[in-house]
1. Given the C-alpha centroids of the range 224-256 and the range 24-86, what is the distance between them in whole angstrom?
2. Quick one: dipole size for the chain, taken about the Cα centre, charges +1 on Lys/Arg Cβ and -1 on Asp/Glu Cβ, in debye to the nearest 20.
3. So for the chain: antiparallel DSSP bridges make up what percent, rounded to the nearest 5?
4. Pop out the ³J(HN,Hα) list for the range 72-81 in order, Karplus 6.51 cos²θ - 1.76 cosθ + 1.60 with θ = phi - 60°, rounded to Hz; leave Gly and Pro as x.
5. First compute the accessible area of the chain with a 1.4 Å probe, then give the percent of it belonging to carbon and sulfur atoms.
6. For the chain, with the dipole built from +1 on Lys and Arg beta-carbon atoms and -1 on Asp and Glu ones, taken about the Cα centre, which of 226, 179, 110 lies farthest toward the positive end?
7. Among DSSP beta bridges whose residues both lie in the range 1-128, state the antiparallel percentage, nearest 5.
8. The list (i) 1.12; (ii) 0.95; (iii) 1.17 gives values of Cα Rg over 2.2 N^0.38 Å, and only one came from this structure; which label was calculated from it?
Amino acid sequence: MKIREYGSGNPRQLVFFQGSCEPWQEFRPAAEGLARRFHVMLVTPDGHDPQEHNDFISVEKTVDDTARWLKARGIDRLDAMYGLSFGGGMAVRFLTTQDIPVDKAIIDAGTAPYQYPKWICKLIGVRDFLMLKLGRSSVKFMEMAFPPERFARDPENARREYEQIRQYLKGYSDRTIWNIFWSANNYAVPETAPKLDTQIQFWVGTDEWGSRFRDLKWAKGYLPQMEVVKIPNMMHGEFVMMHPQAFAERALAFLG
(Lines give C-alpha, C1' and ligand atoms only; values in the text may rest on other atoms or scores of the structure.)
Protein backbone atom coordinates (compact mmCIF):
# COMPACT_ATOMS: atom_id res chain seq x y z
CA MET A 1 0.00 0.00 0.00
CA LYS A 2 1.16 3.52 -0.73
CA ILE A 3 -0.31 6.80 0.43
CA ARG A 4 0.37 9.93 -1.60
CA GLU A 5 -0.24 13.32 -0.05
CA TYR A 6 -1.57 16.53 -1.59
CA GLY A 7 -2.13 19.86 0.11
CA SER A 8 -0.09 18.85 3.14
CA GLY A 9 -0.04 22.46 4.34
CA ASN A 10 -3.79 22.42 4.98
CA PRO A 11 -4.82 21.73 8.59
CA ARG A 12 -7.89 19.64 7.73
CA GLN A 13 -7.33 15.95 6.92
CA LEU A 14 -9.06 13.86 4.23
CA VAL A 15 -8.48 10.18 3.39
CA PHE A 16 -9.25 9.22 -0.23
CA PHE A 17 -9.80 5.50 -0.99
CA GLN A 18 -9.47 5.01 -4.74
CA GLY A 19 -11.52 2.56 -6.80
CA SER A 20 -10.19 -0.81 -7.90
CA CYS A 21 -8.62 -1.82 -11.22
CA GLU A 22 -7.40 1.68 -12.02
CA PRO A 23 -3.94 3.22 -11.67
CA TRP A 24 -3.64 5.83 -8.95
CA GLN A 25 -2.90 8.50 -11.56
CA GLU A 26 -6.55 8.38 -12.64
CA PHE A 27 -7.50 9.82 -9.23
CA ARG A 28 -4.72 12.38 -8.86
CA PRO A 29 -6.64 15.28 -10.52
CA ALA A 30 -9.58 14.78 -8.16
CA ALA A 31 -7.27 14.52 -5.16
CA GLU A 32 -5.52 17.72 -6.22
CA GLY A 33 -8.91 19.44 -6.52
CA LEU A 34 -9.82 18.46 -2.98
CA ALA A 35 -6.37 19.58 -1.84
CA ARG A 36 -7.45 23.20 -2.32
CA ARG A 37 -8.96 22.93 1.16
CA PHE A 38 -7.74 19.62 2.61
CA HIS A 39 -4.59 17.68 3.29
CA VAL A 40 -5.55 14.76 1.03
CA MET A 41 -4.11 11.30 1.62
CA LEU A 42 -4.71 9.20 -1.50
CA VAL A 43 -4.62 5.50 -0.63
CA THR A 44 -3.36 3.18 -3.38
CA PRO A 45 -4.09 -0.36 -2.15
CA ASP A 46 -1.67 -3.24 -2.51
CA GLY A 47 -1.69 -4.74 -5.98
CA HIS A 48 -2.61 -1.46 -7.69
CA ASP A 49 0.82 0.14 -8.11
CA PRO A 50 3.15 -1.76 -10.47
CA GLN A 51 6.17 -0.29 -8.67
CA GLU A 52 5.13 -1.94 -5.41
CA HIS A 53 5.32 -5.54 -6.72
CA ASN A 54 2.73 -6.95 -4.32
CA ASP A 55 -0.75 -8.47 -4.31
CA PHE A 56 -3.99 -7.02 -3.07
CA ILE A 57 -5.13 -8.93 0.01
CA SER A 58 -8.36 -7.45 1.35
CA VAL A 59 -10.49 -4.45 2.19
CA GLU A 60 -9.89 -5.21 5.87
CA LYS A 61 -6.10 -5.17 5.54
CA THR A 62 -6.12 -1.93 3.56
CA VAL A 63 -8.29 -0.21 6.17
CA ASP A 64 -6.17 -1.50 9.06
CA ASP A 65 -2.95 -0.47 7.31
CA THR A 66 -4.38 3.00 6.65
CA ALA A 67 -5.39 3.44 10.29
CA ARG A 68 -1.92 2.38 11.46
CA TRP A 69 -0.32 4.82 8.99
CA LEU A 70 -2.49 7.66 10.31
CA LYS A 71 -1.79 6.89 13.97
CA ALA A 72 1.94 6.66 13.32
CA ARG A 73 1.73 10.27 12.14
CA GLY A 74 -0.31 11.45 15.09
CA ILE A 75 -3.58 11.75 13.17
CA ASP A 76 -6.36 10.72 15.55
CA ARG A 77 -9.29 12.41 13.82
CA LEU A 78 -10.28 12.99 10.20
CA ASP A 79 -12.29 15.89 8.86
CA ALA A 80 -13.36 14.00 5.74
CA MET A 81 -13.25 10.74 3.83
CA TYR A 82 -14.03 9.72 0.25
CA GLY A 83 -14.18 6.28 -1.31
CA LEU A 84 -15.17 5.00 -4.75
CA SER A 85 -16.61 1.53 -5.36
CA PHE A 86 -14.55 -0.90 -3.28
CA GLY A 87 -12.94 2.24 -1.87
CA GLY A 88 -16.45 3.11 -0.70
CA GLY A 89 -16.54 -0.28 1.00
CA MET A 90 -13.25 0.63 2.67
CA ALA A 91 -14.84 3.84 3.90
CA VAL A 92 -17.74 1.88 5.42
CA ARG A 93 -15.31 -0.57 7.04
CA PHE A 94 -13.18 2.31 8.38
CA LEU A 95 -16.15 4.21 9.82
CA THR A 96 -17.54 1.14 11.63
CA THR A 97 -14.36 -0.56 12.90
CA GLN A 98 -11.71 2.09 13.59
CA ASP A 99 -11.29 4.42 16.56
CA ILE A 100 -10.43 7.42 14.39
CA PRO A 101 -13.56 9.62 14.17
CA VAL A 102 -14.52 11.09 10.79
CA ASP A 103 -16.62 14.26 10.55
CA LYS A 104 -17.97 13.82 7.00
CA ALA A 105 -17.78 11.03 4.43
CA ILE A 106 -18.75 10.49 0.81
CA ILE A 107 -19.33 6.89 -0.24
CA ASP A 108 -19.36 6.97 -4.04
CA ALA A 109 -21.31 3.92 -5.24
CA GLY A 110 -19.60 1.87 -2.56
CA THR A 111 -19.73 -1.91 -2.72
CA ALA A 112 -21.77 -3.77 -0.11
CA PRO A 113 -21.16 -7.20 1.44
CA TYR A 114 -23.26 -9.86 -0.27
CA GLN A 115 -26.11 -11.25 1.82
CA TYR A 116 -26.10 -14.60 -0.01
CA PRO A 117 -24.97 -18.10 0.95
CA LYS A 118 -21.21 -18.53 0.62
CA TRP A 119 -21.45 -20.87 -2.38
CA ILE A 120 -23.39 -18.26 -4.33
CA CYS A 121 -20.81 -15.62 -3.39
CA LYS A 122 -18.07 -17.89 -4.73
CA LEU A 123 -19.91 -18.36 -8.03
CA ILE A 124 -20.26 -14.60 -8.39
CA GLY A 125 -16.58 -14.23 -7.56
CA VAL A 126 -15.64 -16.70 -10.31
CA ARG A 127 -17.82 -14.78 -12.78
CA ASP A 128 -16.21 -11.44 -11.87
CA PHE A 129 -12.71 -12.97 -12.00
CA LEU A 130 -13.30 -14.34 -15.49
CA MET A 131 -14.90 -11.12 -16.70
CA LEU A 132 -11.83 -9.09 -15.78
CA LYS A 133 -9.52 -11.65 -17.37
CA LEU A 134 -11.64 -11.46 -20.52
CA GLY A 135 -11.94 -7.68 -20.42
CA ARG A 136 -8.20 -7.11 -20.26
CA SER A 137 -7.62 -9.46 -23.20
CA SER A 138 -8.89 -6.97 -25.76
CA VAL A 139 -9.25 -3.22 -26.17
CA LYS A 140 -12.59 -3.93 -27.85
CA PHE A 141 -13.97 -5.52 -24.68
CA MET A 142 -12.76 -2.56 -22.65
CA GLU A 143 -14.46 -0.12 -25.01
CA MET A 144 -17.72 -2.04 -24.60
CA ALA A 145 -17.57 -1.71 -20.82
CA PHE A 146 -16.26 1.86 -20.77
CA PRO A 147 -17.41 3.84 -23.83
CA PRO A 148 -14.51 5.95 -25.15
CA GLU A 149 -16.76 8.95 -25.64
CA ARG A 150 -17.21 8.99 -21.87
CA PHE A 151 -14.03 7.49 -20.45
CA ALA A 152 -11.23 8.36 -22.88
CA ARG A 153 -9.37 11.55 -22.08
CA ASP A 154 -8.57 11.90 -25.78
CA PRO A 155 -11.36 10.11 -27.73
CA GLU A 156 -9.45 10.45 -31.00
CA ASN A 157 -6.63 8.37 -29.53
CA ALA A 158 -8.81 6.17 -27.34
CA ARG A 159 -7.31 2.88 -28.53
CA ARG A 160 -3.82 3.92 -27.45
CA GLU A 161 -5.16 5.09 -24.10
CA TYR A 162 -7.12 1.87 -23.57
CA GLU A 163 -4.11 -0.22 -24.57
CA GLN A 164 -2.11 1.42 -21.78
CA ILE A 165 -4.82 0.52 -19.27
CA ARG A 166 -4.99 -3.01 -20.69
CA GLN A 167 -1.26 -3.45 -20.17
CA TYR A 168 -1.64 -2.10 -16.64
CA LEU A 169 -4.37 -4.65 -15.88
CA LYS A 170 -2.29 -7.46 -17.38
CA GLY A 171 0.15 -6.80 -14.55
CA TYR A 172 -2.46 -7.93 -12.01
CA SER A 173 -1.80 -11.39 -10.63
CA ASP A 174 -4.61 -13.93 -10.42
CA ARG A 175 -4.42 -13.62 -6.65
CA THR A 176 -4.94 -9.87 -6.81
CA ILE A 177 -7.88 -10.18 -9.21
CA TRP A 178 -9.62 -12.80 -7.07
CA ASN A 179 -9.03 -10.92 -3.83
CA ILE A 180 -10.31 -7.63 -5.28
CA PHE A 181 -13.68 -9.06 -6.24
CA TRP A 182 -14.02 -11.40 -3.28
CA SER A 183 -13.13 -8.79 -0.68
CA ALA A 184 -15.03 -5.92 -2.33
CA ASN A 185 -18.26 -7.89 -2.00
CA ASN A 186 -17.61 -9.91 1.16
CA TYR A 187 -15.72 -7.63 3.53
CA ALA A 188 -16.60 -7.88 7.21
CA VAL A 189 -18.38 -5.21 9.22
CA PRO A 190 -20.09 -5.37 12.63
CA GLU A 191 -23.54 -6.92 12.41
CA THR A 192 -24.99 -3.66 13.66
CA ALA A 193 -23.23 -0.41 12.85
CA PRO A 194 -21.96 1.50 15.88
CA LYS A 195 -23.43 4.90 16.64
CA LEU A 196 -21.66 7.40 14.41
CA ASP A 197 -21.63 11.18 14.45
CA THR A 198 -20.34 11.20 10.87
CA GLN A 199 -22.40 13.00 8.25
CA ILE A 200 -22.52 10.60 5.29
CA GLN A 201 -23.55 10.95 1.67
CA PHE A 202 -23.92 8.00 -0.69
CA TRP A 203 -23.34 9.15 -4.25
CA VAL A 204 -24.70 7.20 -7.19
CA GLY A 205 -24.72 8.15 -10.86
CA THR A 206 -28.11 8.06 -12.55
CA ASP A 207 -26.58 5.99 -15.37
CA GLU A 208 -25.42 3.33 -12.89
CA TRP A 209 -28.52 3.32 -10.70
CA GLY A 210 -29.74 -0.15 -11.68
CA SER A 211 -26.39 -1.86 -11.18
CA ARG A 212 -25.80 -0.19 -7.81
CA PHE A 213 -29.28 -0.50 -6.32
CA ARG A 214 -28.32 -3.54 -4.19
CA ASP A 215 -25.32 -1.70 -2.74
CA LEU A 216 -27.41 1.38 -2.04
CA LYS A 217 -30.22 -0.60 -0.39
CA TRP A 218 -27.80 -2.37 1.94
CA ALA A 219 -25.87 0.79 2.79
CA LYS A 220 -29.03 2.76 3.56
CA GLY A 221 -30.29 -0.03 5.81
CA TYR A 222 -26.93 -0.36 7.56
CA LEU A 223 -26.30 3.38 7.98
CA PRO A 224 -29.79 4.92 8.01
CA GLN A 225 -28.46 8.44 8.64
CA MET A 226 -26.94 8.33 5.15
CA GLU A 227 -28.17 10.85 2.59
CA VAL A 228 -28.52 9.54 -0.97
CA VAL A 229 -27.26 11.93 -3.66
CA LYS A 230 -27.90 11.24 -7.34
CA ILE A 231 -25.20 12.47 -9.72
CA PRO A 232 -26.91 13.19 -13.07
CA ASN A 233 -25.81 11.42 -16.24
CA MET A 234 -22.81 9.62 -14.75
CA MET A 235 -21.66 6.00 -15.05
CA HIS A 236 -19.62 4.18 -12.41
CA GLY A 237 -16.48 6.15 -11.57
CA GLU A 238 -17.04 8.62 -14.38
CA PHE A 239 -17.54 11.70 -12.19
CA VAL A 240 -14.37 11.41 -10.10
CA MET A 241 -12.07 10.28 -12.93
CA MET A 242 -13.35 12.17 -15.97
CA HIS A 243 -14.75 15.35 -14.41
CA PRO A 244 -12.37 16.02 -11.51
CA GLN A 245 -13.01 19.77 -11.30
CA ALA A 246 -16.80 19.39 -11.12
CA PHE A 247 -16.32 16.45 -8.76
CA ALA A 248 -14.15 18.48 -6.41
CA GLU A 249 -16.54 21.42 -6.41
CA ARG A 250 -19.49 19.19 -5.53
CA ALA A 251 -17.54 17.28 -2.89
CA LEU A 252 -16.23 20.45 -1.26
CA ALA A 253 -19.74 21.90 -1.16
CA PHE A 254 -20.60 19.06 1.24
CA LEU A 255 -17.29 18.50 2.98
CA GLY A 256 -16.76 22.21 3.63
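1. 18
2. That gives a dipole near 300 debye.
3. Once the DSSP bridges in the chain are tallied, antiparallel ones form about 15 percent.
4. Here the 3J(HN,Hα) series is 5, 9, x, 8, 10, 7, 10, 7, 7, 8 Hz.
5. Accessible surface attributable to carbon and sulfur in the chain totals 52 percent.
6. After comparing all options, I get 179.
7. Restricted to the range 1-128, the bridges split so that about 25 percent are antiparallel.
8. It is the one labelled (ii).
The values are calculated or read from the model by the stated rules, or taken from the named source; none is laboratory data. The shown structure was predicted, so the numbers you read here are calculated from the model rather than taken from an experiment. Glycine gets a Cβ as well: all are built from the backbone with ideal geometry, and neighbour counts include every protein chain shown. For the accessible areas, the whole protein counts, side chains as well, though only heavy atoms, and no ligand, DNA or RNA atoms are used. Shrake-Rupley method; radii C 1.70, N 1.55, O 1.52, S 1.80 Å.
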